[in-house]
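Notes for the one structure printed next.
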Amino acid sequence: MSAPLLEVRNLTKFFPVRAGVFLRKVGDVHAVDDVSFTLHRGETLGLVGESGCGKSTVGKTILNLLRPTAGQVLFEGRDLGTLSHAEWRAVRRDIQIVFQDPMESLNARHTVGQILEEPFVIHKLGTPEERNIWARDLLERVGLPRSAVSRFPHEFSGGQRQRIGIARAIALKPKLIICDEAVSALDVSVRAQIVNLLLELQHDMELALLFIAHDLSVVRHVSNEVAVMYLGRIVERASSNEIYDQPCHPYTRALVSAIPLPDPGRERDRIVLEGDVPSPIEPPSGCRFHTRCAHAERVCAEKTPEWETVTPWQQVACHRWRELRGEIQD
Amino acid sequence: MRLRPQTVKQWRRFRSIRRGYWSLLVIGALLALTLVAELLVNSRAIVVSYEGSYYFPTYAGFMPGRQFGLDYDYETNYRELAAHFAEQREAADASGTQAPGNWLILPPVPYNPFETDFRDDAFPPYPPSLSTQHYLGTDVAGRDILARLVYGFRLAMAFAVILLLCNYIVGIAVGCAMGFWGGAFDLVFQRLIEIWSNVPFLYVIMIVASVIVPNFWTLIGIMVVFGWMAMTWYMRTSTYKEKAREYVDAARALGASSPRIVFRHILPNTISIIVTFIPFSVATGVTALTALDYLGFGLPPPTPSWGELLAQGTANLQSPWIVTSVVVAMTLVLLMVAYVGEAIREAFDPKQFTFYE
């Protein structure tokens, strides 16, 4: 297999918690803890987990919008942490991001034309006339009228705004787009259109997508591979089919059981998790999921689970996955 | 350039608030008129036609009396010249000869704010009178009150606007930097500003005024040194807020530099806060200058000033036209400025335009 486009090694991001008059550090929010994955050119990795589990932080840390506390991000084999300012500017053309709320991520004071020309302005590409033409081309590419350049973001519907956000992301012909909950805020019908647009662009431009979402059903539709995050850690990663057909980690199983089925008559066992997500400031010892896991034993609280290989396409970080699989088959 | 629909809405909303809108128009008109105050309130004639030639002494400058056939070399007194021309015409009519055809146009208020109009038969202050064209009377030195009000207004507004610009430039720069960089820079500047805000400003002015005679620019300088802090708090908070929004992250992901993010993204989004504060800062500036002049620590005499008139008026309550005119003028101007401010604040009220639908 060729070298991966993006390789994340042991990425860790802690946010210091400060308190008191002198703002002394009293602890850390363990937003991302020892996260590793790889992503190949033109492929899609779905990163799933509930709100606050650190999946957006992973995206922002890859883009260096947040500085990693530890770990490495390798893009085309280069360690992004060692790049100079000027080198980063060049890399920015290759990695882009689409945010969840386009009303927030598009500057309300700029026209769509200004928004779409900005990437070219920043990277000093083209003349003003060319940029204007390019901006119009981009609009057409994402299925909006060319005349939209003179309008403002809030004149568009949510789905149209997200198209503008996508147009901006593909302006510099990147190799990787991080979709940070890019479709989570949209209506189901609009969501399908946007997902299809992303897949079409991926196909045409050989884009790699890091698809961050809290909803497994969308991720299943787009991803080659899925990583499930819980409280800053990846607990299971597998190819898209494996994760739905035979989820191994109890948390993944709970998530998969929550996917709505289009068949109302079908019986299913919904696994409902008890309790709340523990505080990421003092995460639970051992397996972070043990406080909510129905199958937890003493070892789960004592020892951090190692990665174990289920199949060549599926790895899980759980002490008891073998026994649990047996239980389920019974 | 196309205006944002939101800007258009804000302007419409501003216009729909009648008293604010009209106050803005009136203040704008007054300011425009004061730009040509020399043509309206001045001792020099606008046009003099003398022996076939035309003279424009308003902007042409000094013209000796002899130039117009008077028997002195100092600056022509155009009111006397007008009387002189009238006598000439009367003499010509009486003797039946051809009049020389000399004439001049005086400004509606034919006095400048510095000249003292002494009369042989009375002591100033003179009460308002149409015949002497002191429409609001004179002050204790015999200077025309209307002339001093007009030039005092111009000076006070210029002072307030320049002060505002300087204060905002420093305040916005520092506040924005505090919000943008945050961390230790923010912390240190916060404490510095808190300490600096506690320096008793009036004492400093008194000390400075006792050492040097303040002029327009030194006064602005002192007031900026002690007045730039107010804006920093608002800018700091709103920069913090804007910086955390995703469009800033998006710009950064595109590779935008920090100056670009500040000037193209953050500042334009805080403009409504700045605009909302402008009228109130103008009012503060006018009041501050008036107060300092009233106390005698402001601009040196004989600068036309409302504060100085106010001091004169309160000291000479037996001549009520002095205090009445300045108090009425000041109340009206501050009221109108406050109305404009109120209307702007109303028009920019974020409750009207939420970003989320």
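The values are calculated or read from the model by the stated rules, or taken from the named source; none is laboratory data. Every value quoted in this text rests on a predicted model; they were computed, and no experiment measured them. Glycine gets a Cβ as well: all are built from the backbone with ideal geometry, and neighbour counts include every protein chain shown.
Of all residues in region A:89-104, those that are facing another protein chain (nearest Cβ under 8 Å) have Cβ atoms under 6 Å from Cβ atoms of residues that are assigned to a helix (DSSP H, G or I), 6 or more apart or on another chain, in A:Q96/A:A169; A:I97/B:A253; A:F99/A:S105; A:F99/B:E246; A:E104/B:E246. Close contacts from region A:107-119, counting a first residue that is within 15 Å of B:I261 (Cβ to Cβ) and facing chain B (nearest Cβ under 7 Å) and a second that is among the hydrophobic types (A, V, I, L, M, F, W, C) and assigned to a helix (DSSP H, G or I), with Cβ to Cβ under 8 Å and a gap of 6+ residues or different chains, come to A:N107/A:I115; A:N107/B:A251; A:E118/B:A251.
For region B:322-332, does any single residue satisfy the condition of being touching a strand residue (DSSP E or B) at 6+ places or on another chain (Cβ under 9 Å), within 22 Å of B:F114 (Cβ to Cβ) and assigned to a helix (DSSP H, G or I)? Yes, there is a match, as at least one residue in region B:322-332 is touching a strand residue (DSSP E or B) at 6+ places or on another chain (Cβ under 9 Å), within 22 Å of B:F114 (Cβ to Cβ) and assigned to a helix (DSSP H, G or I). When the helices (runs of 4 or more DSSP H) confined to region A:220-309 are screened for residues that are closer than 27 Å to A:E200 by Cβ, those reaching at least 2 such residues are found at A:240-245. Among the basic types (K, R) and within 10 Å of chain B (Cβ to nearest Cβ) - does that describe any residue in region A:122-135? No, region A:122-135 has no match at all. Might you let me know whether region B:18-35 holds any residue that is outside any helix (DSSP H, G or I) and either crowded, with 17+ Cβ neighbours inside 10 Å or of a type in the set (A, V, I, L, M) (or both)? Taking every residue of region B:18-35 in turn, none turns out to be outside any helix (DSSP H, G or I) and either crowded, with 17+ Cβ neighbours inside 10 Å or of a type in the set (A, V, I, L, M) (or both). Pairs are defined by a Cβ separation below 7 Å, a sequence spacing of at least 6 or placement on different chains, a first member in region A:150-173 that is more than 8 Å from chain B (Cβ to nearest Cβ), and a second member that is surrounded by fewer than 23 Cβ atoms within 10 Å (Cβ to Cβ) and small (G, A, S); the pairs so defined are A:P153/A:A108; A:G158/A:A185; A:R163/A:G143. Set side by side, the residues B:R66, B:R79 differ, and just one is basic (K, R) and farther than 22 Å from B:L146 by Cα, which is B:R66. Filter region B:123-180 for residues that are aliphatic (A, V, I, L, M), closer than 30 Å to B:Y240 by Cβ and under 22 Å from the mean Cα position of the chain (by Cα) and give the result. Within region B:123-180, B:A160, B:V161, B:I162, B:L163, B:L164, B:L165, B:I169, B:V170 qualify. In region A:1-19, is there at least one residue being crowded, with 20+ Cβ neighbours inside 10 Å, touching a Lys or Arg at 6+ places or on another chain (Cβ under 8 Å) and in a loop (DSSP other than H, G, I, E, B)? Taking every residue of region A:1-19 in turn, at least one turns out to be crowded, with 20+ Cβ neighbours inside 10 Å, touching a Lys or Arg at 6+ places or on another chain (Cβ under 8 Å) and in a loop (DSSP other than H, G, I, E, B). Note on region A:164-178: residues that are closer than 13 Å to A:L138 by Cα and either in contact with a Gly (Cβ under 6 Å, 6 or more places away or on another chain) or not assigned by TED's automatic domain parsing to the domain that holds A:G42 (or both) total 0. The set of residues in region B:69-99 being without any contact (Cβ under 8 Å) to a residue 24 or more places away in the chain and either among the aromatic types (F, W, Y) or assigned to a strand (DSSP E or B) (or both) consists of B:Y72, B:Y74, B:E75, B:F85. The helices (runs of 4 or more DSSP H) located wholly in region B:200-260 that include 3 or more residues which are more than 14 Å from chain A (Cβ to nearest Cβ) occupy B:201-211, B:216-227, B:229-243.
For B:W11, the conditions (1) aromatic (F, W, Y); (2) under 30 Å from B:P100 (Cβ atoms); (3) modelled with pLDDT of 85 or more are fulfilled apart from (2).
A:R109 - would you say it is over 24 Å from A:L207 (Cα atoms) and either β-branched (V, I, T) or surrounded by 18 or more Cβ atoms within 10 Å (Cβ to Cβ) (or both)? The answer is yes for A:R109.
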